[in-house]
1. All but one of (1) within 22 Å of residue B:639 (Cα to Cα); (2) touching a strand residue (DSSP E or B) at 6+ places or on another chain (Cβ under 7 Å) hold for residue B:675, so report the exception by its number.
2. Could you list all residues from the range B:164-177 that are in a helix (DSSP H, G or I) and away from chain A (no Cβ under 14 Å)?
3. So which helices (runs of 4 or more DSSP H) stay within the range B:45-137 end to end and still have 1 or more residues that are over 29 Å from the mean Cα position of the chain (by Cα) and either surrounded by fewer than 18 Cβ atoms within 10 Å (Cβ to Cβ) or within 14 Å of chain A (Cβ to nearest Cβ) (or both)?
4. Exactly one condition in (1) facing another protein chain (nearest Cβ under 7 Å); (2) at pLDDT 80 or above is not met by residue A:12; state its number.
5. What number of residues within the range B:556-576 are surrounded by 16 or more Cβ atoms within 10 Å (Cβ to Cβ), farther than 14 Å from residue B:612 by Cβ and either assigned by TED's automatic domain parsing to the domain that holds residue B:387 or modelled with pLDDT of 80 or more (or both)?
6. State all residues of the range B:232-247 that are touching a residue at least 40 places away in the same chain (Cβ under 8 Å) and closer than 23 Å to residue B:267 by Cβ; if no residue qualifies, say none.
7. Pull up the range B:20-44, narrow it to residues that are closer than 18 Å to residue B:152 by Cβ and touching a helix residue (DSSP H, G or I) at 6+ places or on another chain (Cβ under 7 Å), then point me to the one that is surrounded by the most Cβ atoms within 10 Å (Cβ to Cβ).
8. Looking only at the range B:194-206, count every residue that is in contact (Cβ under 8 Å) with a residue 24 or more places away in the chain and within 11 Å of chain A (Cβ to nearest Cβ) and tell me the total.
C-alpha cells in the first residue's frame, strides 16, 4: 500500500494543474458568454478568409 | 464562397426571399426571381447577395422579421463627444466600441453580424453576444467612420444603440470572473478533501494503519488550508465587517465555525488524536459560495434585460447652425441652440417652438392620453413625442436641467428614501446568530465544569450542526429559482425583497395611460355605413396624425382608392378628393366649418372620448370616436387582486372625465381614483400612503418613475420609459396586465417556500443543537449531519413550483 505515498502527491500535482488551467480560463473570460460560442460553432466551417489589405483579427 | 444567383428558390412563390413573410401582390416578381415583402428586405438581400454571403439564406434558423431600417445618418456616432464616452482607442490605432443591437434573435444573427468585417472595409472584428444583444466592434477610423458601420447594421435590420454601461460592465465582469475562480478552486479542493475523508471513514470501520491515517490527515490539512485562506476569506471579511458595524451578520457564526473547525482539526492533526473537520469546512465554503453566486446571477439577469431597452430617449439631436443642420449627441446639447424635430421624433430637450406647429404626445411625461396642439411660442418638453409635423425648437433646458432630467433625479432621491424591506431570512439571522453563539458558549461552560475533556468538542459540534447553511443557502436559492422561472414567463424581478413584499396584500396604485389602458389612440366607436370606410382610409393614409394611425390600425384590410388634393389642418382634420367625391374627416368644429353642416346625429362620445366626424360631399356620413381603450384583461386581473385583499387605487395625469370613465368601468369607487395628478403629485400621494403601510406602484412613464421609486415595490409595464425601468423592482416584459396577476401569485408561493425552508432548517438546527449540548454527537457526526439538512432544503427549493405558465 506504500504506493499511495507516490500516487497521492502525483494526484495533487495533477489537481494543481487542473486548477491552474481553470484559473487561466476564468481569468481570460472563457466563461463570460456561454450561449454565443455554441451558435458560432454551428456555422464557422467554410468562411472565406478576409479580403487582403485588412489587418488580421486581434483577440 | 457561393456567388451564383439565385441562391435559393423561395419556399413558396409568395414569401419574401429575405425574411420569409408573405409578399404583397403588387411586389411579386415573375419567374423565380427573388421577391420581397418590403424595401428594407430588398436592400438587405442586395447587400448580403453582393457581399457573397448567400449562405445566410441556407442557415437552418433565420429571423422572420421584415427589415425596417430607421434610415438615420447616425452622424452623432462620429462626434468626438460620442467617442470620448463610448469608444476606446487601441495602441495599434484601431478603435473599439460596444453597441446594443435591436432585433437580435438567433444563430443566424450571429452569423450575419460577425461577417460585417467582410462587407465593410475597415472593420477588423465584429463579435455578437446573443444573450445581451451586445456587439463588440473593432475598426480603423482612418478607413471608415463608425457612423458608416452603424448605418450598415441599421440597413440589415439591427439598429444600433450606444452602450451606456461600459464601466458597470467592466466591474461586473471582473466580479464574475473572481467569483467563478473562487468557486472553482473551493470546489476542486473540497472534492479532493471529501475523497480523502471517505478513505479515512472507511478506515474508521475497517481498521487502518496509523501511518496512513496520519498521512491522510496531513493531506486533508494541506488541501483545506488554501480553501480557507483564499476562497473562504470572504466570510472572514464579512465577520470582521459585522464586528465593525456592530450588527449580527450571517457570516459571523460561519466564520467562527470555519475557524474553530479548522484550528481544532489542525491541532488534532498535529497531535494525531481526535477528529478532523476538514471535509465539512471545505464543503461548507464551496456550497455557500455557490449559493451567493446563483442569487447574484439571477438578479443581475433581470436588471440587464430591463436596461436593454434604450430606444426611448433620443441619442441624437439635429442642431440648426445657420443654414446647415448637423447631428450631435443629445448630451452635447446646450440652451439657446435651435434644434429641428421631425414628425414622429422625441424632443431631445425642453424648449419653445420657434417655427412650425404640431401635435405632441405628452403621455410619457404627464400621462395625458390625448395629443396636445402646439404652435410657435408653445413650450415643449424633452421625452415627449412630436406627432404631426416638423418643428424648430429653441432649447431652454437640456440634459439634467430639463423637466424629465429633474424627474429622474427625483427618482434617485425617492429610491434613497424608500423604506428597506427586511428579508425574512435577514430578520431571523440576527436572532439565530445570537442564539447560536450564546448556546455554544453555554455548552462549553457547562461541559468545562463537568467534563473538561469534551467541552470544546461539544461546542464545536454545536457550531457545526447549527451551521446556517439552510438559512444562508436555501432562501437565496428559492428566490433565485423563482426569479429564473419568472424571467421565462416574461417577468423580470430585480431582487428577492420585491418578491417578499408582493406576497402580502397591500395598497396597489395603478397608472392609467399605458398601464390599465393600451396607451395609444384607438378607434373606439364607428357609426356610419361601410362604404364610407374606404374613403376615410384613402384620405388618412396621407396623414401621420394619431387619428389617422387609429383608423388605419382599426381597418388594416380596407382597400382604398387614391386620394387627390389632400390638405391637412393642424388641430382640425384632413380633407381631399377621393373617387370624385369631396371628403372631410376631422373634429366636429372643423367638419362643420368646412361643410356648413352641423346636423350630425347628436351622439355624444362616451366617457371622455374624442369625437371625429366624416363628411362626404357636404353631408355628415359617419361619426367615430377615439379613445385610449382599456386593456382587455384589466378588469378580470384587478378583480382577482381585489379578492386577494389588495386595495386598488387609480392615479393618472389624464383629464378627470377620462379617468372617471375608466374607474367606473373597473368598478372603482370615487375615493379610489384621482385624475389630473402631476408627477410630483403622484410622488406626494405615494409618500402619504407609504406612511400607513406597504405601497405598490404600477406604471409605465417617466411621470410614474419618482412614485415608483418611492413605493415599497415599483412595477413597470411593457413599453415603459427608460427612467421607469431603471427604478422598477419588477418589469413585466409581456404586454398587458396578466403578468401582474402571475407575479402576485408567484410571490405568495415563493414566500411560502421560503417559510417552509426556514421552518425546516430551524427545527433541524434546534434538534441538532439539543443533541450537541447533551454531548450525544461529536463534531464528526455533526459534520455529516450538517450537509444533509442543506441538501434537503436545496432539493425542496429546486423542485418548488412558483412561476408556472398559466394553463
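1. All conditions are met except number (2).
2. Selection gives B:166, B:167, B:168.
3. B:80-86, B:116-119
4. The one condition residue A:12 does not meet is (1).
5. The number of residues fulfilling the criteria is 3.
6. Result: B:232, B:235.
7. B:44
8. Result for the range B:194-206: 1.
The values are calculated or read from the model by the stated rules, or taken from the named source; none is laboratory data. Everything numeric in this text was worked out from a predicted model, so none of it was measured. Glycine gets a Cβ as well: all are built from the backbone with ideal geometry, and neighbour counts include every protein chain shown.
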